Amino acid sequence: MAKKTTTQRIKAAKKSKAAVPKSPRKRAAADKQATHGDVPQWTEAEVEEAFRRFQSVDPAPKGELKHVNSFTLLVAVVLSAQATDAGVNKATPALFAAADTPEKMAALGEVKVRNLIKTIGLYRTKAKNVIGLSKMLLAEHGGEVPRTREELEALPGVGRKTANVVLNIAFGEPTIAVDTHLFRVGNRTGLATGKDPFEVEQKLVQEIPEKYKLHAHHWLILHGRYTCIARRPLCEKCIIADLCKWPGKITLSA
Ligand code: SF4
């Protein structure tokens, strides 16, 4: 069965008779409050309990970007900046069928890459970066994706978040990539408040128990994408609703 869209999930949640939603104005005010870090912080026991629940529901969460090897993962993550995974996944099968190694990508050339990814936002810059990073992998890393943050971040189009995703998925490092979803969930819930993604990442790294770190990024991104949705969080269906500190939380009537 096809996955529900965000709009369909929100509509289904609204039909829940037990849900007592705050008005959009109150929710917006609550988000503003949370953005300023003005929500209670979580205790160690609450953090442990949240991740215990995430793990019990989804023991081995996976990222949603299509890829066939660590190089195509790197390219897919670069393409996903300011774009949705679904949008990237529409373009990459044809791109990776044409080029799934740095050699093939460099040989394909910027114009052809641009044409293959033109449905993705910022495609001109991204095509340039994909060719640039392919050439750099060939020139400096023997055509392999490097395993250190410094080497990854030196590649064109690769920032801290992209490096964290690649280190986590390709190399099994317990890194936590803070994207728009993690940033919102961290601040909104009070789990990890911060004024920028780096601050939220540092807090998550500090407070998440080691045993949950490998999958924490995926649990939180999926939670933000499908449950703690920006415009209308589905608190009625949320498995950490009792732990969440968001003042705009949608509650259930008795
Ligand atoms: S209860 Fe759940 S869905 Fe609602 S704001 Fe908190 S974390 Fe998000």
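The values are calculated or read from the model by the stated rules, or taken from the named source; none is laboratory data. Remember, predicted model here, so these are calculated numbers, not experimental data. Here the Cβ positions follow ideal geometry from the backbone for every residue, glycine too, while neighbour counts run over all protein chains shown.
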| task | Using the structure shown, decide if Arg160 is surrounded by 14 or more Cβ atoms within 10 Å (Cβ to Cβ), closer than 22 Å to His218 by Cα and touching a Phe, Trp or Tyr at 6+ places or on another chain (Cβ under 9 Å). | result | yes
| Can we say Tyr226 is under 15 Å from the mean Cα position of the chain (by Cα) and among the aromatic types (Phe, Trp, Tyr)? | yes
| request: Only residues in the stretch 37-53 that are in contact (Cβ under 8 Å) with a residue 60 or more places away in the chain and within 16 Å of Lys213 (Cα to Cα) count as the first member; pair them with residues that are outside any loop (DSSP other than H, G, I, E, B) and β-branched (Val, Ile, Thr), Cβ under 9 angstrom, at least 6 apart or cross-chain, and list the lot. | output: Ala50/Thr189
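Per-residue answers, yes or no, for (1) outside any helix (DSSP H, G or I); (2) of a type in the set (S, T, N, Q):
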| site | (1), (2) |
| --- | --- |
| Arg27 | no, no |
| Gln33 | no, yes |
| Gln41 | yes, yes |
| Arg53 | no, no |
| Pro61 | yes, no |
| Ala83 | yes, no |
| Pro93 | no, no |
| Met105 | no, no |
| Val111 | no, no |
| said: So in the stretch 242-252, with the set limited to residues that are touching a strand residue (DSSP E or B) at 6+ places or on another chain (Cβ under 9 Å) and under 18 Å from Gln33 (Cβ atoms), which one is surrounded by the fewest Cβ atoms within 10 Å (Cβ to Cβ)? | reply: Thr251
| task | Please work out which residue is farthest from Ala45 (Cα to Cα), limiting yourself to the stretch 215-254 and to residues that are hydroxyl-bearing (Ser, Thr, Tyr) and modelled with pLDDT under 90. | result | Ser253
| When the stretch 215-238 is examined, which residues are found to be among the hydrophobic types (A, V, I, L, M, F, W, C) and within 8 Å of the ligand (Cβ to nearest atom)? | Cys228, Ile229, Leu234, Cys235, Cys238
| field | Matching entry among Leu138, Leu167 (being in a helix (DSSP H, G or I), within 22 Å of the chain's Cα centre (by Cα) and buried (at least 16 other Cβ atoms within 10 Å of the Cβ)) | value | Leu167
| field | The listed residue being farther than 20 Å from His218 by Cα, of a type in the set (D, E, K, R) and free of Cβ contacts under 8 Å to residues at least 60 places away in the same chain, out of Lys126, Lys66 | value | Lys126
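Okay, residues lined up against (1) in contact (Cβ under 8 Å) with a residue 60 or more places away in the chain; (2) touching a Lys or Arg at 6+ places or on another chain (Cβ under 8 Å); (3) outside any helix (DSSP H, G or I):
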position	(1), (2), (3)
Pro174	no, yes, yes
Thr193	yes, yes, yes
Phe198	no, yes, no
Lys203	no, no, no
His215	yes, no, no
| message | Can you pull out every residue in the stretch 101-120 that is surrounded by 15 or more Cβ atoms within 10 Å (Cβ to Cβ) and under 25 Å from the mean Cα position of the chain (by Cα)? | response | Thr101, Pro102, Val113, Arg114, Leu116, Ile117, Ile120
| Does Ile176 satisfy the condition of being among the β-branched types (Val, Ile, Thr) and closer than 30 Å to Lys32 by Cα? | yes
